[in-house]
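Below: the structure, in structure tokens.
Bear in mind these aren't lab numbers, they're just calculated from the coordinates by the rules spelled out. What you see is a predicted model; the values in this text were computed from it and never measured. Every residue, glycine among them, receives a Cβ derived from its backbone with ideal geometry; neighbour counts consider all protein chains shown.
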Amino acid sequence: MRRAVEEGAEPGRFLLTGSAAPLHTNVHSGAGRIVRMRVRPLSIAERGLAVPNVSLRALLAGDRPPLAGTHDVGLPTLVDSLLASGLPAVAASGPRARRALLDGYLDQIVEREFAELGHLVRRPAALRAWLAAYAAATATTTSYNRILDAATPGEDDKPAKTTTIADREVLEHLYLLEPLPAWVPVSSALARLAQAPKHHLADPALVARLLGTDRTALLTGDDVRAPALRHGDITGRLLESLVTLSVRVYAQRAGARVYHLRTHGGDHEVDLLVERDDGRVLAIEVKLSPNVRDVDVKHLTWLRRQLGNDLLDAVVITTGSHAYRRPDGIGVVPAVLLGP
């Protein structure tokens, strides 16, 4: 491939697909010849639940456009789409086949792909338990020590920290984990920002499979496994993870990066910050509720006071049916109406 490019192959001639390669193989990097792009599971807009009419790119322009639009997609339909996954072949299958495919995908990673990357898994059950604990911490900044404790309750012989770090690095290399980094601005009035990432798997449907939760549990709020790491409603955190996946897809198209913000002590948190190359940001909060109250936007109004003109816009993503702007200028956008 390198030789073909050097001999004059026109741009776009080749499309290379794949996942991961052994960590220490001696292969050409592709620098100057190959553009790498992460292909994620389908975003909400790509799942065809509604026609999105609020553009992330337009919000990033900073013009704070009027917001309008409506839809009739209820929470049950959104939950069904989440559980079906953003992997097209899985989503096109029936419910029983989907569960088998997702379980098989996780088993393949634990039992085969680690070994193919040259990483020996001595205790596959322990790795699977760690993954379940990590899934239970989705959309939080729970420490890795707490995740390990939740994965090995009552065990004195816990895996060494070096082992869990190595496992985590391999899982990221396999694109199964995609933690959301904390925003660390180069120059800002903000100080004392926490730097721990938010935990996310590549697809929220994998979180649901690891936790053993289903449609009924998500719609009724019934308990799921791994209660030691539950931080509030699992349905809300799975929705946040799905929106995070989608915003990453839209931001990648717009040439922007996605972070989260949390002050030390957790006094202020913003679920998503989409940053342009010039350092200015779009702030996004995710709420499971269809209605937005003043208390739901307090962190966004705080951030607006801190950043001034460096805050391009601020919106709340909801499960509601209408897009609009509040009197304070903060946008309210249903998750199914947000697109690239």
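To check my understanding: the extent here is largest minus smallest coordinate of the Cα atoms along each principal axis. What are those three numbers for region 129-190, in Å, largest first?
Principal-axis extents of region 129-190 (Cα, largest first): 45, 25, 21 Å.
Just how large is the dipole of the chain about the Cα centre, in debye to the nearest 20, putting +1 at every Lys and Arg Cβ and -1 at every Asp and Glu Cβ?
320 debye
Normalised radius of gyration for the chain, please: alpha carbon Rg relative to 2.2 N^0.38 Å, two decimal places.
Ratio of Cα Rg to 2.2 N^0.38 Å: 1.03.
Under a Cβ-Cβ cut-off of 15 Å, what is the net charge of the residues other than LEU338 that fall near it, where Lys and Arg count +1 and Asp and Glu count -1?
+1
Need the list of lysines near LYS161 for cross-linking: C-alpha distance under 20 angstrom, and skip anything on the same chain fewer than eight residues off.
Filter leaves LYS198.
Could you compute the FRET efficiency for THR17 and ASP156, with r as their C-beta to C-beta distance and R0 at 45 Å, rounded to 0.05?
So, using R0 = 45 Å, E works out to roughly 0.50.
Can you compute the FRET efficiency between THR263 and THR301 using 1/(1 + (r/R0)^6), with r the Cβ-Cβ distance and R0 = 22 Å? Round to the nearest 0.05.
Result of the calculation: an efficiency of 0.90.
List the GluC sites (Glu not before Pro) in region 120-215 that DSSP assigns to loop (not H, G, I, E or B) and whose Cβ has at most 14 other Cβ atoms within 10 Å. Which are they?
Answer by residue number: GLU155.
When DSSP assigns beta bridges and you keep just the ones with both residues in the chain, what percent turn out antiparallel, to the nearest 5?
Roughly 55 percent of the beta bridges in the chain run antiparallel, per DSSP.
Of GLY236, GLY320, GLY212, which has the largest mean-square fluctuation in a 10 Å C-alpha GNM of the chain?
GLY212
Quick check: the distance between the Cα centres of region 68-89 and region 155-183, to the nearest angstrom?
Each part's Cα centre sits 30 Å from the other's.
What relative contact order, as a whole-number percentage, does the chain give when Cα pairs under 8 Å and 6 or more residues apart are counted?
24 percent
Give the calculated FRET efficiency between ALA68 and LEU219 to the nearest 0.05, with a Förster radius of 35 Å applied to their Cβ-Cβ distance.
In this case the efficiency is close to 0.75.
So how far apart, in nm, are the two label points at ALA166 and GLU46 if each is 7 Å from Cα heading toward Cβ?
That separation, rounded to one decimal, is 3.4 nm.
Among ALA182, THR216, LEU201, which residue has its Cα furthest toward the positive end of the charge dipole of region 2-339, with +1 on Lys/Arg Cβ and -1 on Asp/Glu Cβ?
Looking along the dipole axis, the top candidate is ALA182.
Only sites in a loop by DSSP and with at most 16 other Cβ atoms within 10 Å count here; which trypsin sites (Lys or Arg not before Pro) in region 54-110 make the cut?
Within region 54-110, no trypsin sites (Lys or Arg not before Pro) qualify (loop, at most 16 other Cβ atoms within 10 Å).
Taking neighbour Cβ counts within 10 Å as the exposure measure, how do ILE284, ILE330, ILE317 sort from fewest upward?
ILE330, ILE284, ILE317
Tell me the relative contact order for region 59-141 as a rounded percent, counting alpha carbon contacts under 8 Å between residues six or more apart.
Relative CO of region 59-141 lands at 12 percent.
Using only the C-alpha atoms of region 1-152, find the volume of their convex hull and express it per residue in Å³.
Expressed per residue, the convex hull around the Cα atoms of region 1-152 is 220 Å³.
Quick one: divide the alpha-carbon radius of gyration of region 193-340 by 2.2 N^0.38 Å and tell me what you get.
Computed over Cα atoms of region 193-340, the ratio equals 1.06.
Would you kindly derive the ³J(HN,Hα) couplings of region 32-39 from the backbone phi angles with the Karplus curve 6.51 cos²θ - 1.76 cosθ + 1.60 (θ = phi - 60°), listing them in order in whole Hz, with x for Gly and Pro?
Ordered by residue, 3J(HN,Hα) equals x, 10, 10, 9, 8, 9, 7, 9 Hz.
Over the Cα atoms, compute the radius of gyration (one decimal) and Dmax (the largest Cα-Cα distance, rounded to a whole number) for region 255-331, in Å.
12.3, 35
Quick one: length gained pulling ASN291 to MET1 fully straight, 0.36 nm per residue minus the C-alpha distance?
Length gained, ASN291 through MET1: 99.1 nm.
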